[in-house]
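The values are calculated or read from the model by the stated rules, or taken from the named source; none is laboratory data. Owing to the predicted nature of the structure, the values given are computational and were not obtained by experimental measurement. Cβ: placed from backbone, ideal geometry, glycine included. Neighbour counts: every protein chain shown. All accessible areas refer to the heavy atoms of the entire protein, side chains included, with ligands and DNA or RNA removed. Shrake-Rupley method; radii C 1.70, N 1.55, O 1.52, S 1.80 Å.
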Amino acid sequence: MTTLNLEPALRVMSAKQIRSIVGVEDTPQIALWAGAVSSGKTIASLLAFFIQVAAAPDHGLIVIVGRTLQTIERNIIEPLESSHLFGWLGTLIKHTPGSTTAVILGRTVHLIGANDVRAEGRIRGSTIALAYVDEATLIPQSFWMMLLSRLRVRGARLLATTNPDGPGHWLRKDFILKAGEVGARHWHFTLDDNPSLTRDYVDRLKAQYVGLWHRRFIKGEWCLAQGAVYDMWDSDRHVVEKIPPIVRWVAAGADYGTVNPFHAGLLGLGQDGRLYLTHEWRYDSKRELRSLTDAEYSVRFRGWLNGVDIGGGTRGVQPDYVVIDPSAASFRVQLKDHGLNSVLGKNEVVPGIRTVASLLATDLLKISADCPEIINEFPGYSWDDKKAEKGDDEPVKAEDHGLDMIRYIVHTTQSTWRNHLRERVLVAA
Ligand SMILES: Nc1ncnc2c1ncn2[C@@H]1O[C@H](COP(=O)(O)OP(=O)(O)OP(=O)(O)O)[C@@H](O)[C@H]1O
Ligand SMILES: [Mg+2]
């Protein structure tokens, strides 16, 4: 077995990191690092994991579990290999990208994506000596319970890191709050526990994680998704009368509705390195007392896009993307029949909201005063209390048509604009 000299690594760790690494030795079975982003949880827990690998019972598998093999590679293997501080730890890991195993300190470690049903089969009947779980709240509870039931050898342990979720999350209720009963120990990390963060970086994190994410990812609280979704919204700040020259028309898009309103919008990248929602178009069948067919919508949508007044006597734009409500398959087919190709909007609601929220909070997304309908929707958009009690983060589905539209067009087109903004923004993956 390779002997580990952790002296140099421990010397640069914060007090909390050291306490947690040492504390694993006195942990009956489950060691949990929870708290803020970038707070040093992964680094501390991985050092602890290395120590455990060196000491793990011979009998039984060693596994690293993440949402997918890719997230394991991205969150764990790659940072270890590339970190200048901990690079030497990386040399103790042998892994070929895409392979479902790695060799750590000479022992085979199985890399398992919890969302991959076949991967689950690899551990179902086995005995596990040591498990490491990345982003534990995102792992299905059934998978976690199965893992625990496999820790059948004496001295077997499970180490896990996570960011906080809602207060009713099973990981908090059944493990953190009942730590003593279930043989668990828990360390709460905050940004102060990572000694390597500069003031500048911390300020940037604080500016970009706003609303719900500020409470969970910066303060590290297990809090409900409650109150205003866009609590950073401020019409004085976000609504603008005068749009700077647009250097690129990023996308047009629409939230589709027949009984509900159809809401279209146009997004441009301004010369000042900000995104602008410059125009909107809404058709409300209830207001008009008539609903439109897909063909009629297609005609009007294209007519609107070809007629928008972009100043200087010019009308009409051809944006890089046309992003359509992911549930409006028939409308997309209709647009295509009329010669307009579109892409399907990404429908990950919470990450999409987080992207929009980060942009608003950092003044990188502004709304033209010519878009009164969406401006009306921002202040009232709220998290659904009832859903939150059940552990689901979801906004109330009402008066959200413009907001869905902006979420689709902004979140789906990230790769087009993220390198062109005046400052870097952390967006949800
Ligand atoms: N003691 C330390 N000395 C130097 N750099 C550190 C230290 N602890 C952590 N870091 C660095 O800080 C960054 C964030 O740390 P880490 O990945 O452990 O945070 P995390 O709490 O796991 O964050 P997330 O919740 O985003 O996964 C990494 O680049 C890591 O290498
Ligand atoms: Mg981490």
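Restricting segment 361-385 to residues that are assigned to a helix (DSSP H, G or I) and modelled with pLDDT of 95 or more, which is surrounded by the fewest Cβ atoms within 10 Å (Cβ to Cβ)? Can you show your working first?
To start, the set of residues in segment 361-385 that are assigned to a helix (DSSP H, G or I) comprises 361, 372-377, 385.
Now restrict to residues that are modelled with pLDDT of 95 or more: 372-377.
On the way: Pro372: 14, Glu373: 17, Ile374: 22, Ile375: 19, Asn376: 12, Glu377: 21.
Only one residue fits best here, namely Asn376.
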Note on segment 85-101: residues modelled with pLDDT of 75 or more and open to solvent by 30 Å² or more (accessible area, probe 1.4 Å) are Thr91, Leu92, Lys94, His95, Thr96, Pro97, Gly98, Ser99, Thr100, Thr101
Among the numbered conditions (1) without any contact (Cβ under 8 Å) to a residue 24 or more places away in the chain; (2) over 23 Å from Ser38 (Cβ atoms); (3) not in a strand (DSSP E or B), tell me where Val103 comes up short.
-> (3)
Members of segment 279-323 that are more than 21 Å from Lys366 (Cβ to Cβ) and surrounded by 21 or more Cβ atoms within 10 Å (Cβ to Cβ) | Tyr283, Tyr297, Ser298, Phe301, Val322
Residues satisfying the stated conditions in segment 386-429, i.e. assigned to a loop (DSSP other than H, G, I, E, B), touching a His at 6+ places or on another chain (Cβ under 9 Å) and either over 30 Å from Pro140 (Cα atoms) or open to solvent by less than 10 Å² (accessible area, probe 1.4 Å) (or both) | Ala428
Scanning for something without any contact (Cβ under 8 Å) to a residue 40 or more places away in the chain and within 15 Å of Gly402 (Cα to Cα), does segment 235-251 turn up at least one residue?
-> no
Within segment 10-39, can you find the residues that are assigned to a helix (DSSP H, G or I), at pLDDT 95 or above and either touching a strand residue (DSSP E or B) at 6+ places or on another chain (Cβ under 8 Å) or away from ligand 1 (no atom under 16 Å from the Cβ) (or both)?
-> Lys16, Arg19, Ser20, Gly23, Val24
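Scanning segment 70-84 for residues that are of a type in the set (A, V, I, L, M, F, W, C) and over 17 Å from the mean Cα position of the chain (by Cα), which turns out surrounded by the fewest Cβ atoms within 10 Å (Cβ to Cβ)?
Our first condition is that a residue be of a type in the set (A, V, I, L, M, F, W, C); within segment 70-84, this holds for 72, 76-77, 80.
Narrowing the set further to residues that are over 17 Å from the mean Cα position of the chain (by Cα) leaves 77, 80.
Working: Ile77: 20, Leu80: 22.
The qualifying residue surrounded by the fewest Cβ atoms within 10 Å (Cβ to Cβ) is Ile77.
Inside segment 336-359, can you point out the residues that are in a helix (DSSP H, G or I) and surrounded by fewer than 21 Cβ atoms within 10 Å (Cβ to Cβ)? If you could, list the steps in order and put the result at the bottom.
Quick first cut of segment 336-359, residues in a helix (DSSP H, G or I) only: 336-337, 349-359.
Lys336, Asp337, Val349, Val350, Pro351, listed by residue number.
Would you confirm whether any residue within segment 124-136 is without any contact (Cβ under 8 Å) to a residue 60 or more places away in the chain and either surrounded by 15 or more Cβ atoms within 10 Å (Cβ to Cβ) or under 19 Å from Gly183 (Cα atoms) (or both)? Full working, then the answer.
Within segment 124-136, the first condition is being without any contact (Cβ under 8 Å) to a residue 60 or more places away in the chain, and the residues that meet it are 124-125.
This time we only want the ones that are either surrounded by 15 or more Cβ atoms within 10 Å (Cβ to Cβ) or under 19 Å from Gly183 (Cα atoms) (or both), so: none.
No.
For segment 177-207, which residues satisfy the criterion of being within 25 Å of Arg422 (Cβ to Cβ), outside any helix (DSSP H, G or I) and out of contact with any Leu (no Cβ under 7 Å at 6 or more places or on another chain)? Please lay out each step first, then the result.
Taking segment 177-207 as the starting set, the residues that turn out to be within 25 Å of Arg422 (Cβ to Cβ) are 191, 197-207.
Of the ones still in play, those that are also outside any helix (DSSP H, G or I) are 197-198.
Hit for segment 177-207 is Thr198, nothing else.
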Determine if segment 40-62 includes at least one residue that is in a loop (DSSP other than H, G, I, E, B), within 15 Å of ligand 1 (Cβ to nearest atom) and open to solvent by 20 Å² or more (accessible area, probe 1.4 Å).
-> no
Given the conditions (1) surrounded by 21 or more Cβ atoms within 10 Å (Cβ to Cβ); (2) touching a Leu at 6+ places or on another chain (Cβ under 9 Å); (3) within 16 Å of Asp255 (Cα to Cα), report the number of the one that Pro326 does not fulfil.
-> (1)
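May I ask you to verify whether Pro261 is surrounded by fewer than 19 Cβ atoms within 10 Å (Cβ to Cβ), within 22 Å of Val343 (Cβ to Cβ) and not assigned by TED's automatic domain parsing to the domain that holds Lys173?
Numbers: surrounded by fewer than 19 Cβ atoms within 10 Å (Cβ to Cβ): no; within 22 Å of Val343 (Cβ to Cβ): yes; not assigned by TED's automatic domain parsing to the domain that holds Lys173: yes.
So Pro261 does not fit the description; no.
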Exclusive hit being within 16 Å of ligand 2 (Cβ to nearest atom), part of a strand (DSSP E or B), within 25 Å of Ser39 (Cβ to Cβ) and β-branched (Val, Ile, Thr), set Thr137, Thr161 = Thr161
Check Asp255 against each of (1) open to solvent by 60 Å² or more (accessible area, probe 1.4 Å); (2) farther than 17 Å from Leu359 by Cα and name the one condition it does not meet.
-> (1)
